[in-house]
């Protein structure tokens, strides 16, 4: 029960896929990020729920995600994707898609037989960050410069993620130290000689 509550409350979007790429679960953050309900998504093939934007001839989200998911299924190893433009359908406007950029990681969950039973598809929505980066660039950008900028942006996102991971680890260690100090103090107080003369109230 605790694990279920923790999963539901996780701030990063986490849809869960079966090995057939059917959506079998997802947390609240994913529903909010995609503006869907559980009823909208559960039981659908992920590319039925989230197809490519037909108005974008350069859309490659389905192809890239499909390749990554099948690598995870074949190798049973996590797969980190590059920065990915993957527009999502606007539910109350048929045929209309909203531009979105994501930083995805696909993590396998193995069953008792050692085969991939589920894939946790973590997708951080970095649309605001990408659009801010694009707005800071000149209107006319050479293709080569665009690729360099994209690579630099991916590197910056990676660096930020590593920094966040490092800070989280430092916080975890600090919390552990504080707990150890608190327990040591509690033990010392309970066994202090002057307190032995004063029974608990």
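Here is a yes/no grid of residues against (1) more than 17 Å from residue 127 (Cα to Cα); (2) in contact with a strand residue (DSSP E or B) (Cβ under 9 Å, 6 or more places away or on another chain):
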| position | (1), (2) |
| --- | --- |
| 6 | yes, no |
| 12 | no, yes |
| 15 | yes, yes |
| 34 | no, yes |
| 68 | yes, yes |
| 76 | yes, yes |
| 87 | no, yes |
| 91 | yes, no |
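Search the stretch 1-17 for residues being in contact with a helix residue (DSSP H, G or I) (Cβ under 9 Å, 6 or more places away or on another chain) and part of a loop (DSSP other than H, G, I, E, B), and hand back the single one that is modelled with the highest pLDDT.
Selected residue: 14.
If the requirement is being within 17 Å of the chain's Cα centre (by Cα) and without any contact (Cβ under 8 Å) to a residue 40 or more places away in the chain, which of these qualifies: 77, 38, 63, 71?
So the residue among 77, 38, 63, 71 that is within 17 Å of the chain's Cα centre (by Cα) and without any contact (Cβ under 8 Å) to a residue 40 or more places away in the chain is 77.
The values are calculated or read from the model by the stated rules, or taken from the named source; none is laboratory data. None of the values given here were measured: they were computed from a predicted structure. Glycine also receives a Cβ, built like all others from the backbone with ideal geometry; neighbour counts cover every protein chain displayed.
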